[in-house]
Amino acid sequence: VPELPDVEVFKQYLNATALHKKIVQTEARSRKVLEEVSIKRLESDLRSRRFVSTHRHGKFLFVRMDDEQWLVLHFGMTGFLKYFKDMDKDSPHDCLLVTFDNGYHLAYDCQRMFGEVHLIDDVDAFIESRDLGIDALDPDFDLQAFKESVSAKRGSIKSALMNQSAVAGIGNVYSDEILFQAGIHPKTTPSRLNEASLKSLFGHMKDVLQTAIHCRADPERFPKSFITPHRGKEGACPRCEGALESETISGRTSYYCPKCQG
Ligand SMILES: [Zn+2]
């Protein structure tokens, strides 16, 4: 499931491939992801435009066009971007296919259809309308703001980290990784975390997300100290070599080490 690091990698990919090229055609192949914008409007509003810059907030990617509208992409469960020339390699699951005047295409693929596409004029208004909290990697998001965002939340610290209104960008996989690195059990009540634990959690949140982006959000490239590559297998803890446990927390399967995350 694309989380902050994955979407940041999509942003970098789009920046490196699809900016400043004239759009000659847009095909929208899925009505389901286009809730608020009609296929007709999308096709006509993108025609002859160029993508000029990008912005990411949490798990949303905003692509600015040269008429100052923004195309908003959310990648749902399995979405990704693909820039290519050869139509034969086109996946049948493309939701949105943008064709440029150089003959290349940018496909927004979301096979499981839980993604979203919007056309908007105002990024801040969109963020507010979706009640999104500050982006986890925003330079202004400091320890004090982090404490205010999560420490009063009810439920578990894992669900507080995944709450997009508290902190935007973190989902199931990266909340587990951040909690593992900080040595905190995912079911801990936020109000029971002391100053040192909150400081450690905040530091590991920034570090895990930045490291994941540096590794192109590919678990195979993650440091050996990360728990993520051991998910879903009968994995051993990379720190103590004990067996990892999994448990459903806030409706999601969480992986943790019962020894290291006391
Ligand atoms: Zn361990």
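Laboratory data are not the source of any read-out in this text; all were calculated from the coordinates shown. All values derive from a computational prediction rather than experimental measurement. Here the Cβ is made from the backbone with ideal geometry for all residues, glycine too, and neighbour counts use every protein chain on show.
Some observations on this one:
- Theoretical gain in end-to-end length, Ser191 to Lys22 [0.36 nm per residue, Cα-Cα removed]: 55.6 nm
- DSSP loop chymotrypsin sites (Phe, Trp or Tyr not before Pro) with at most 16 other Cβ within 10 Å: longest gap in the chain: 115-262
- Beta bridges per DSSP with both ends in the chain, % antiparallel, nearest 5: 95 percent
- Applying 0.36 nm per residue to the separation of Glu241 and Glu148 and subtracting their alpha-carbon distance, the gain on full extension is 30.0 nm.
- Applying both filters, DSSP loop and at most 12 other Cβ atoms within 10 Å, to the trypsin sites (Lys or Arg not before Pro) of segment 112-172 gives Arg112, Arg154.
- Model label points for Lys206 and Ile39, set 7 angstrom from Cα along the Cα-to-Cβ axis, are 4.6 nm apart.
- Applying 1/(1 + (r/R0)^6) with R0 = 30 Å to the Cβ-Cβ distance of Arg216 and Asp131 gives a FRET efficiency near 0.50.
- Longest DSSP-loop-exposure-free segment, GluC sites (Glu not before Pro), the chain, at most 13 other Cβ within 10 Å: 69-233
- Over segment 114-220, relative contact order from alpha-carbon pairs under 8 Å, at least 6 apart, %: 25 percent
- Computed over segment 185-262, the range of Cα coordinates on each principal axis works out to 35, 27, 26 Å, biggest value leading.
- With Cα atoms, 0 to 90° folded angle of helix 195-214 axis to the chain main axis: 40 degrees
- Mean sequence separation of contacting Cα pairs (under 8 Å, at least six apart), scaled by the length of the chain, corresponds to a relative contact order of 17 percent.
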